[in-house]
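Read through the structure below, which is laid out as C-alpha cells, and then see the notes.
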Amino acid sequence: MSELPVRPEIAAAEPYGAPHPDVAVRLNVNENPYPPPPEVIESVARRVREAAAGANRYPSRDFPELRTALAAYLVREAGVPDLTADMVWAANGSNEVMVQLLQVFGGPGRTVVTFEPTYSMYPEYARNTFTGYRPGKREADFTLDPAHAIRHIDLNQPTVVLLDSPNNPTGVATPLGGIETLAEHTAGHAVLVVDEAYAEFRRPGARSAVELVGRYAHVAVSRTMSKAFAFAGVRLGYLVANPELIGYLKTVRLPYHLSSLTQAAALAALDHAGLMLGQVSDLRERRDRLSAALGAMGFTVAESDANFVLFGKFADRRAAFERLLSQGVIVREVGPAGWLRVSVGTENETLAFLRALAQIREELE
Ligand SMILES: *Cc1c(COP(=O)(O)O)cnc(C)c1O
C-alpha cells in the first residue's frame, strides 16, 4: 500500500498503453506504416527552424494560422464548404481535445455515455475528469442501433454522448443518418462528440459528421493527424464545432498548450496534405483485401471503415496473440473476448502477418 494520498480510482488503475516490444512487424496501434516523404521532412525542418528562432516567446494561444489550414483541409476532405477557422480547435492529440471537452461538459455529478465495445481511453478520460461513465452497447455485428442509443441516453441523462465512428476497435462506422438521429435527440441536453480519428479511411461515398456541425451547435467532431495523416509522433488532434463551444474549450486549456514547434510541424505537413495522405487509398484497398483474406481463412471479420480489422474468434486469443508475437508480428489483444485487432501495414507486413497467422492456426488446432 502506498503512503501517498492517491485517489483510490487512480491507485487501482494501471497506466494506459499498448505493449510496445521491438518486433519486426508492428500492427498493434493503427499507425500509418509509411513515414513522411523527404519533401515533407524538409518542410517540417524549415518551419520548425523558423519557430525555434522565436522560442524565447510563448506560442500563439489561439494559433489562427494552423486553424485556418486545418479548416481548409477539412473543406476538401469532408466536402463541407462553409467551414471557417473559428470552427476549428486543436491540441496535443485528440486525446487532449477529449479531456478538454469533458472538463467543460462533464465533471462531478455529470455523465458521459458511450457505446461499447469502443475506444478503451474513454473511461479513463471520464475518470480523470470526475465524470460518470455509462456505456451502452452495440449489436452483435458491432453496428449501433439508434433506438437502443436513444433509450440508453434517456435512461442516463448524460451531458456528453461520445460516439466513435469508424469505431475502434471494431472498425465499424455509424452511418450519418444514425448520427443525425442522435444529434436530434441530444439537442438541448447533451453535447454529441463524434470521434472521427479514422475518418479518412471510410469507404468512398461515406459521409463525415463534419457535415452536421453547421446545423447543430451541440455537435463536435474530433479528428487527428495521427492515423491517416501519418503524423502520430507529432501529437496533433483537432476538433470541428460551433465557435461558441470552442470558446469554452479556451477557458480550460492549459496556458499555451500547443507548442510553437508542434504548430510549425503541423502547418508544414498540411502544406503537403496530398502527399501525406498519398497512401490512404492504397491502405483502404489493402484493408479490404485483408478482410477478404481473413474471411477466406474462415475467420469472422468485422466490417471495417478504418485502417485495422477486428477478426476472430479464437478460443484462446491470448495464446494466438503470443504465438503471432513469437513469429515477429504484434497485433492487439483488444475488444470483446475471442477477437484480435490487426492494423493495415505495408504490403510486406500484411503478407508476413497472414503467413504467421496461417502457421499458428495449425499449431493452435
Ligand atoms: C488513435 C485514436 C485517436 C487519436 O488519438 P491522438 O491523441 O490524436 O493520437 C483518437 N480516438 C481514437 C478512437 C483512436 O483510436
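The values are calculated or read from the model by the stated rules, or taken from the named source; none is laboratory data. Computed from a predicted model, the values in this text were never measured in an experiment. Using ideal geometry, Cβ is built from the backbone for each residue, glycine included, and neighbour counts are taken over all protein chains shown.
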Pair list, Cβ under 7 Å, 6 or more apart: the range 304-324 residue not assigned by TED's automatic domain parsing to the domain that holds Val342, other residue surrounded by fewer than 24 Cβ atoms within 10 Å (Cβ to Cβ): none
Cβ-Cβ under 7 Å pairs, at least 6 apart or on other chains, the range 254-269 side touching a residue at least 40 places away in the same chain (Cβ under 8 Å), far side in a helix (DSSP H, G or I) and among the acidic types (Asp, Glu): Ala264/Glu50; Leu267/Glu65
Residues (touching a Pro at 6+ places or on another chain (Cβ under 6 Å) and surrounded by fewer than 21 Cβ atoms within 10 Å (Cβ to Cβ)) located in the range 87-112: Thr111
Output for the range 20-48, where each listed residue is over 23 Å from Asn307 (Cα atoms) and not charged (D, E, K, R): Pro38, Ile41, Ser43, Val44, Ala45, Val48
Residue identified as surrounded by fewer than 24 Cβ atoms within 10 Å (Cβ to Cβ), closer than 30 Å to Ser343 by Cβ, polar (S, T, N, Q) and at pLDDT 95 or above among Thr181, Thr159, Thr170, Thr143: Thr143
Residue check, Arg26 basic (Lys, Arg), closer than 28 Å to Ala269 by Cβ and outside the structural domain of Leu340 (by TED's automatic domain parsing): no
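Take Pro15 and tell me if it is exposed (fewer than 13 other Cβ atoms within 10 Å of the Cβ) and assigned by TED's automatic domain parsing to the domain that holds Thr159.
no
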Residue tally, condition away from the ligand (no atom under 11 Å from the Cβ) and in a loop (DSSP other than H, G, I, E, B), over the range 213-253: 9
Helices (runs of 4 or more DSSP H) wholly inside the range 1-81 that include at least 2 residues being within 30 Å of Gly205 (Cα to Cα) and away from the ligand (no atom under 16 Å from the Cβ): 64-78
Options Arg287, Arg235: the member that is more than 25 Å from Ala51 (Cβ to Cβ) and touching a residue at least 60 places away in the same chain (Cβ under 8 Å): Arg287
Subset of the range 95-131 [without any contact (Cβ under 8 Å) to a residue 24 or more places away in the chain and over 20 Å from the mean Cα position of the chain (by Cα)]: Pro108, Gly109
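Being acidic (Asp, Glu) and more than 11 Å from Ser94 (Cα to Cα) is the filter; apply it to the range 193-212 and report the residue that is nearest to the ligand (Cβ to nearest atom).
My answer is Glu200.
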Odd one out for Leu182, checked against (1) within 14 Å of the ligand (Cβ to nearest atom); (2) closer than 21 Å to Met98 by Cα: (1)
